[in-house]
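This report concerns only the one structure given below.
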Amino acid sequence: MQFYFGHSMPRGVSQLFEQRAKEDGHQVIFDGMKTYASTEAFTDASGIGNRKGEPKVVFQSMARANNLSANDYATQLLITGHTLKKYDPDAPLWAVVPFGLFARQDQEREGLMDSVASEWFADALKHAGYSGVTTIEIHSDKAAQFFRDSFENDNFINIDPSEIYEQDLHNMDLYNPVVVSPDKGANNRADTLA
């Protein structure tokens, strides 16, 4: 298996992952996603080498980092998927996107249309060659449904970290902790955690 890490992923996280992956005989590639001096994205697929046909997993957060925007990282993710599929069409390809770009919160806005950008992004990932997507806590049920529709239920995984948060809060032994929702879309999760 090959793991590609985008520039937006914290180096410490990827280094911890690298150690375990190498122990299991997997290849980890940190510099596969690149940008020219003009900031145009491209992917170096030379890491495929003699590992054709092996599953590939691309890790790319969409959080702003390294002077690149979330849109830049989305472009890198799409180009990387397309490039890897072009040079290794038979290999399964999975995207791990901890911050789900274009998955805005569900908000009631009378007379306004909801964003359909998440539907477009899910379809774009599918057309770029990804066979599945994992994300962490997409806040919008509508956005999650767009991904389920594009990738079928089994190939879209939305990780809910509530149990981890609950364990951490319990282990901190705090007196009367207060759980706050960042917006209306997260009210149910905050209530569950509280």
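Throughout, read-outs are computed from the coordinates displayed, never taken from laboratory work. Here the structure is a predicted model, which is why all the values come from computation and not from measurement. Cβ coordinates were reconstructed from backbone atoms using ideal geometry, including for glycine residues, and neighbour counts include every protein chain displayed.
Protection proxy ranking of 90-96, 57-63, by the mean of other Cβ atoms within 10 Å over each peptide's residues and highest first, is 57-63, 90-96.
For a straight C-alpha distance cut-off of 20 angstrom, the lysines reachable from K56 (same-chain residues fewer than eight places away being disregarded) are K22, K34, K85, K86, K126. Between A117 and T39, the simple spin-label model (points 7 angstrom out along Cα→Cβ) gives 1.6 nm.
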